[in-house]
Amino acid sequence: MAQTPPTRLTIRRPDDWHLHLRDGAMLQAVLPHTAAHFARAIIMPNLVPPVVTGAQAAAYRDRIMAVLPEGMTFTPLMTLYLTEDTDPEDVAAAHEAGIATAVKLYPAGATTNSASGVRDVTKVRPVLEKMGEIGMPLCIHGEVTDHDIDIFDRERVFIEKVLHPIRKKIPDLRVVLEHVTTQEAVDYVRDNPKNLAATITTHHLIINRNSILAGGIRPHFYCLPVAKRERHRIALVQAAVSGDRRFFLGTDSAPHTDAAKLQPCGCAGIFTAINTMSCLAEVFEAAGALKKLEHFASLNGPAYYRLPPNEETVTLVKGAPLDYPEIIETGDGPVTVFDPGFPLHWRVETA
Ligand code: NCD
Ligand code: ZN
């Protein structure tokens, strides 16, 4: 007898292990969308100027909490932006005090606001050694920045030339390879179970490079790392729906105003905070793996970060196609919401 597909799914409240909240008016506009669904998020430090010290992270956390709407609960897990001048003792103290959960390594020039990032990894070795000692995770934007490396190869080359050597030199360092986009990254994480995990974004489970470039250029699908071929997208979906503990959700929701995206040299970043859970439910359902959504969005992340999973639950309900805004207004200007290209039937039930 054919089973009726489920129309309700209750899971532990999810967390977002890679999120850009920005600051000021943009922070105020986007924060409620994340807090509506997620209990916690790893907050990226690529502000201008970047969040480098423990004191700066504490001040940023206060600015986030100050604009959290009344009645909402949300815990920002702060990160420190690694520079070649970062002081290992400041990092350790911020971790010990519960101010900083992780450190973020941006290769200089790899992405939005990464100019103060790392040029020479040997310069940050004392920080990384200290982090290995105290068990503090390092979140890595895994792309080389060499102009002679094709942009579609930058993640693969980073793994070989930078990530693998770092992990060999500092085996105790707990690494999160962020927003993986390639089969090679998935394979590398699967084959190297010690002190390594990866986040996968919502959009990389849905778009491939054709979405950006075929039949016209679509700046709202441009993000970094750039989406790759379809076979890579399929590898990401397989990793996400497998339930494998080393893969978990990091939306990389990265709001930019339309004015910043729609210009001759537009910004990288896709804003997915509003419809991520609906998108994920569609992806997991299509893969016949709705039961694994909780692992990906709510269980695997806390396990790797050595935090308890959330006690509360959320219920996803399947029904008529969901209405959600194409654009949200912010004090800085309109921001376009991610369009998955198919209707979304799952919504997060609100009490
Ligand atoms: C992010 C941003 O806009 O801050 N952009 C993006 O395309 N993902 C930076 C990043 O995570 O690379
Ligand atoms: Zn990001």
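Once Rh is set to the Kirkwood radius over Cα pairs, what Stokes-Einstein translational diffusion coefficient, in µm²/s, holds for the range 124-217 at a temperature of 4 °C and a viscosity of 1.567 mPa s? D = 90 µm²/s. Positive contributions from Lys and Arg (+1) and negative ones from Asp and Glu (-1), summed over other residues with Cβ under 12 Å from the Cβ of Gln238, come out at +2. Using every pair of distinct Cα positions in the range 17-135, the Kirkwood expression returns a hydrodynamic radius of 14.7 angstrom.
When Leu262, Leu31 are arranged by Cβ crowding within 10 Å, least crowded first, meaning fewest neighbours, the order is Leu262, Leu31. Charged neighbours of Asn46, selected by a Cβ distance under 10 Å, balance to +2 (K, R count +1; D, E count -1).
Between Asp339, Asp252, Asp146, the GNM of the chain built on Cα springs shorter than 10 angstrom shows Asp146 fluctuating the most. In terms of other Cβ atoms within 10 Å, Glu329, Glu178 run from fewest to most in the order Glu329, Glu178. Straight-distance candidates among the lysines for linking to Lys318, with alpha-carbon spacing under 25 Å and chain neighbours fewer than 8 residues away dropped: Lys291, Lys292. The Cβ shell under 9 Å around Gly142 holds other residues with a net charge of -2, Lys and Arg each +1, Asp and Glu each -1. Distance between the modelled labels on Glu89 and Phe342, one decimal in nanometres: 5.5 nm (7 Å Cα→Cβ projection). Mean residue ellipticity at 222 nm, helices only, the chain: -8000 deg cm²/dmol; runs of at least 4 DSSP H residues each add -39,500 (n - 2.57), and the sum is divided by the number of residues. Across all directions, the average projected area of the convex hull around the alpha carbons of the chain is 17.7 nm². Antiparallel beta bridges, as assigned by DSSP with both residues in the chain, represent about 30 percent of the total such bridges.
Within straight-line reach of Lys130, meaning a Cα separation under 26 Å, sit the following lysines at least 8 residues removed in sequence or on another chain: Lys104, Lys161, Lys168, Lys169, Lys194.
Coordinate-derived values only; no laboratory data. Values in this document were obtained by computation on a predicted structure and should not be read as measured data. With ideal geometry, Cβ positions are generated from the backbone for all residues, glycine too; neighbour counts draw on all protein chains shown.
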